[in-house]
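In what follows, a single structure is set out as structure tokens and then discussed.
The values are calculated or read from the model by the stated rules, or taken from the named source; none is laboratory data. As the structure is a prediction and not an experimental result, all values here were calculated from the model. Please note: Cβ atoms are built from the backbone with ideal geometry, for glycine as well, and neighbour counts cover all protein chains shown. Heavy atoms of the whole protein, side chains included, go into the accessibility calculation; ligands, DNA and RNA do not. Shrake-Rupley method; radii C 1.70, N 1.55, O 1.52, S 1.80 Å.
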Amino acid sequence: MTEIIVPILTPFNEKGEIDGEKVKTHVQNLLRKGVDIIFVNGTTGVGPALSKDEKRKMLDYVLDVTNKVIFQVGSLNMKEVLELVNYANERDIIAVASYPPYYFSIPKDFVVKYFKEICEASKHPVYLYNYPGATGKDVDVNLAKEIGCIKGVKDTNPDFAHTIRYKELGIKTYNGLENLAIASLSILDGTVVGAGNYMPELFSQLREYIKAGDMRKALDLQLKINEIDGTTIPYGKISSMYYLVKELQGYDVGVPRPPMYPLEEDKVKELIEKVRKIWNKSE
Ligand SMILES: O=C(O)C(=O)C[C@@H](O)[C@H](O)COP(=O)(O)O
């Protein structure tokens with residue numbers, strides 16, 4: 001069966017500290033609602049904004065509930081990357097993952113060396129998190145082939161043809177965009193969806209429609225997902241998720257941490273009204 005992977009958000013308290021109990025409550029609910037794998041320290045989890053200790057803490061909190069985990073270890077500090085890989089080596093998880101070194105302009109062979117170092121150190125399979133829009137680097141199928149040890153890929157890319165090509169390597173292949181979930185769940189090994197934090201049941205339902213061959217219903221549901229996901233953009237997608245989990249899933253996942261700023265009360269009300277209207281529409 002194709003997999004639904006959620007890059008879990010990171011619940012912070014008012015002091016900006018990770019709230020472990022809220023992490024566990026959230027993971028339990030996601031699994032109950034049909035999510036298969038938790039992607040820890042991804043974009044939605046503000047991975048690049050977490051310290052090494054916070055990245056480790058997030059892994060431990062999630063592992064208290066499930067080992068269906070992909071642990072994102074990427075950093076611009078190679079020592080930190082390798083410490084996180086070694087930390088994961090002592091734990092039972094599906095894989096470690098990393099985005100390529102971002103911000104700096106570096107030759108492709110530095111990217112190859114970066115991933116080869118991770119593969120060398122990791123007892124677990126190493127997945128590529130390819131997100132050219134955020135990192136400025138495209139580790140495409142040819143570069144992944146050159147790296148030679150990539151066992152899976154999450155390609156956050158509107159170019160679905162780009163994503164499909166990773167299947168030439170025979171590796172686990174996912175696309176990370178909500179508006180391509182119908183294609184990812186139909187053709188790839190699954191979908192990675194940040195919006196799965198607050199509407200996991202819609203992605204489970206989408207998979208059911210696809211499995212039943214009910215593509216008309218699947219398409220209508222994909223369009224509803226797109227509308228809801230699109231509604232969050234002006235408010236800040238990641239910040240919006242904290243309020244939408246509380247509204248749609250019924251429990252508190254704390255607050256976002258700057259620079260993902262909390263929303264003003266009037267904006268929260270506006271967002272929820274807009275989403276509720278779409279949510280209550282029948283497909
Ligand atoms: O949060 C992650 O690690 C994900 O994979 C989702 C990721 O693909 C990201 O949320 C993509 O969404 P946008 O580019 O923010 O629309």
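The conditions are (1) open to solvent by 60 Å² or more (accessible area, probe 1.4 Å); (2) in contact (Cβ under 8 Å) with a residue 60 or more places away in the chain; (3) within 30 Å of V268 (Cβ to Cβ), and I238 fails exactly one of them. Which is it? Answer for I238: the failing condition is (1). Restricting to the stretch 241-257, name every residue that is open to solvent by less than 30 Å² (accessible area, probe 1.4 Å), of a type outside the set (V, I, T), assigned to a loop (DSSP other than H, G, I, E, B) and more than 14 Å from the ligand (Cβ to nearest atom). Scanning the stretch 241-257 gives a single hit, G254.
Of all residues in the stretch 151-176, those satisfying the criterion of being part of a helix (DSSP H, G or I) and either open to solvent by less than 60 Å² (accessible area, probe 1.4 Å) or within 14 Å of the ligand (Cβ to nearest atom) (or both) are F160, H162, T163, Y166, L169.
Name the helices (runs of 4 or more DSSP H) wholly inside the stretch 42-139 in which the number of residues that are touching a strand residue (DSSP E or B) at 6+ places or on another chain (Cβ under 6 Å) and either under 21 Å from T25 (Cβ atoms) or within 13 Å of the ligand (Cβ to nearest atom) (or both) is 3 or more. Working first, answer last.
Working: elements: 52-63, 78-89, 108-121, 132-135.
Ranges flagged: 52-63.
The residue that is nearest to the ligand (Cβ to nearest atom), counting only those in the stretch 203-223 that are touching a residue at least 24 places away in the same chain (Cβ under 8 Å) and surrounded by 19 or more Cβ atoms within 10 Å (Cβ to Cβ), is F203. Scanning the stretch 193-229 for residues that are closer than 22 Å to Y243 by Cβ and aliphatic (A, V, I, L, M) yields V193, A195, M199, L202, I225, I228.
Among the residues of the stretch 60-80, those identified as surrounded by fewer than 21 Cβ atoms within 10 Å (Cβ to Cβ) and of a type outside the set (S, T, Y) are D60, L63, D64, V65, N67, K68, L76, N77, M78, K79, E80.
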